[in-house]
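Asker: Handing you a structure now.
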Amino acid sequence: MVKTFLILISLQIFLYSSEQIILVVSDGFNSPRATLSCIEGGKKVFEDIQVNIGTNGLGWGIGLTELKQKENEPLKYEGDKKAPIGVFTLDSIFGYEKEHNFKMPYLYATKELICVDDSKSKYYNQIINIESLGEKEKPNSFEDMKRDDNQYALGIVVGHNKNQIKQRGSCIFIHVQKSENASTAGCTAMSMQNIKKIVNWLDESKNPILIQVPKEKLEQIKKLYPELPLD
């Protein structure tokens with residue numbers, strides 16, 4: 001009981017100590033488009049950005065805190081082409097360049113770096129070096145972090161489903177869009193120009209988070225973060 005209480009207190013401290021917030025708001029659960037705002041100190045630091053999200057819109061994900069859900073609202077599952085709803089940590093930046101001077105942990109996307117989307121694997125929803133695995137450990141399904149296109153040339157790892165709950169979704173990123181109006185398999189995508197601005201702004205010491213919701217859930221977010229410029 002005491003341990004649970006301490007975990008809840010620690011979670012609240014983290015939530016409310018987040019100085020940098022990326023807020024993504026769609027018009028509804030089924031919309032593949034959304035508006036992204038970058039907020040620090042209760043103020044927007046850039047102009048709002050129009051982004052692409054999941055082809056099938058949004059589904060409830062697994063993040064830092066549970067928001068109120070209705071029984072008929074969709075959950076996020078593996079392969080459903082929905083982006084996750086919730087409050088999530090932003091854990092690291094990744095890209096094709098070997099070195100960067102970001103204020104966040106950086107993952108160099110080599111040809112050996114993969115993200116595991118095989119929910120039967122013990123490495124489900126983890127980014128790992130496939131060459132470090134024995135033949136019996138290698139997952140049946142995964143995403144290459146060094147793609148043949150530009151979509152993962154620069155991106156941000158979203159802390160969704162960190163407890164690796166089977167089939168509840170994996171490999172959620174903020175990354176470069178395929179084209180201006182191209183929806184995603186569950187990530188949040190934008191132009192290279194815009195993502196460069198965001199990754200250079202993010203600072204690990206400011207506990208950056210992603211809040212991603214349909215517009216109808218903004219009232220809950222206002223209660224959690226009354227300082228956000230939501231009006």
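Asker: I'd like to check something: does region 182-191 contain any residue that is touching a residue at least 12 places away in the same chain (Cβ under 8 Å) and either touching a Leu at 6+ places or on another chain (Cβ under 6 Å) or of a type in the set (Asp, Glu) (or both)?
Answerer: No, region 182-191 contains no residue that is touching a residue at least 12 places away in the same chain (Cβ under 8 Å) and either touching a Leu at 6+ places or on another chain (Cβ under 6 Å) or of a type in the set (Asp, Glu) (or both).
Asker: Taking Glu131 as meeting all but one of (1) exposed (fewer than 13 other Cβ atoms within 10 Å of the Cβ); (2) assigned to a loop (DSSP other than H, G, I, E, B), write down the number of the exception.
Answerer: (2)
Asker: Still on this structure: If I filter region 156-190 down to residues being within 10 Å of the chain's Cα centre (by Cα) and assigned to a strand (DSSP E or B), which single residue comes out as farthest from Ile209 (Cα to Cα)?
Answerer: Checked region 156-190; the qualifying residue farthest from Ile209 (Cα to Cα) is His175.
Asker: Among (1) over 21 Å from Phe46 (Cβ atoms); (2) over 13 Å from the mean Cα position of the chain (by Cα); (3) small (Gly, Ala, Ser), which single condition is Ser205 missing?
Answerer: Single failed check for Ser205: (1).
Asker: Any residue at all in region 24-43 that is modelled with pLDDT under 95, among the hydrophobic types (A, V, I, L, M, F, W, C) and either in contact with a Cys (Cβ under 6 Å, 6 or more places away or on another chain) or assigned to a loop (DSSP other than H, G, I, E, B) (or both)?
Answerer: Among the residues of region 24-43, not one is modelled with pLDDT under 95, among the hydrophobic types (A, V, I, L, M, F, W, C) and either in contact with a Cys (Cβ under 6 Å, 6 or more places away or on another chain) or assigned to a loop (DSSP other than H, G, I, E, B) (or both), which makes the answer no.
Asker: Any residue that is over 22 Å from the mean Cα position of the chain (by Cα) and more than 15 Å from Gly79 (Cα to Cα) - is there at least one of those in region 114-128?
Answerer: Scanning region 114-128 turns up no residue that is over 22 Å from the mean Cα position of the chain (by Cα) and more than 15 Å from Gly79 (Cα to Cα).
Asker: Take Ile165 and decide whether it is surrounded by fewer than 16 Cβ atoms within 10 Å (Cβ to Cβ), under 23 Å from Gly54 (Cβ atoms) and of a type in the set (Val, Ile, Thr). Walk me through how you get there before you give the answer.
Answerer: Numbers: surrounded by fewer than 16 Cβ atoms within 10 Å (Cβ to Cβ): yes; under 23 Å from Gly54 (Cβ atoms): yes; of a type in the set (Val, Ile, Thr): yes.
It is true that Ile165 is surrounded by fewer than 16 Cβ atoms within 10 Å (Cβ to Cβ), under 23 Å from Gly54 (Cβ atoms) and of a type in the set (Val, Ile, Thr).
Asker: Among the residues of region 76-95, what is the count of those that are more than 11 Å from Gly57 (Cβ to Cβ), out of contact with any Leu (no Cβ under 9 Å at 6 or more places or on another chain) and not aromatic (Phe, Trp, Tyr)?
Answerer: Of the residues in region 76-95, 3 are more than 11 Å from Gly57 (Cβ to Cβ), out of contact with any Leu (no Cβ under 9 Å at 6 or more places or on another chain) and not aromatic (Phe, Trp, Tyr).
Asker: Which residues, taken from region 191-218, are closer than 15 Å to Gly63 by Cα and part of a loop (DSSP other than H, G, I, E, B)?
Answerer: Listed by number, the residues that qualify are Asn207, Pro208.
Asker: Answer with yes or no whether Ser18 is at pLDDT below 95 and buried (at least 18 other Cβ atoms within 10 Å of the Cβ).
Answerer: Against the criterion (at pLDDT below 95 and buried (at least 18 other Cβ atoms within 10 Å of the Cβ)), Ser18 qualifies.
Asker: What strands (runs of 3 or more DSSP E) lie completely within region 55-121 and have 1 or more residues being in contact (Cβ under 8 Å) with a residue 40 or more places away in the chain and of a type in the set (Asp, Glu)?
Answerer: By residue number, 83-95.
Asker: Further question on the same structure: Scan (1) in contact with a Ser or Thr (Cβ under 6 Å, 6 or more places away or on another chain); (2) buried (at least 21 other Cβ atoms within 10 Å of the Cβ); (3) of a type outside the set (Val, Ile, Thr) for the single condition Pro208 breaks and write down its number.
Answerer: Single failed check for Pro208: (1).
Asker: Got a sec? Which of Gly63, Gly42 is exposed (fewer than 15 other Cβ atoms within 10 Å of the Cβ) and under 18 Å from Leu228 (Cβ atoms)?
Answerer: Matching residue, one of Gly63, Gly42: Gly42.
The values are calculated or read from the model by the stated rules, or taken from the named source; none is laboratory data. Please read all numbers here as calculations on a predicted model, not as lab measurements. Every residue, glycine among them, receives a Cβ derived from its backbone with ideal geometry; neighbour counts consider all protein chains shown.
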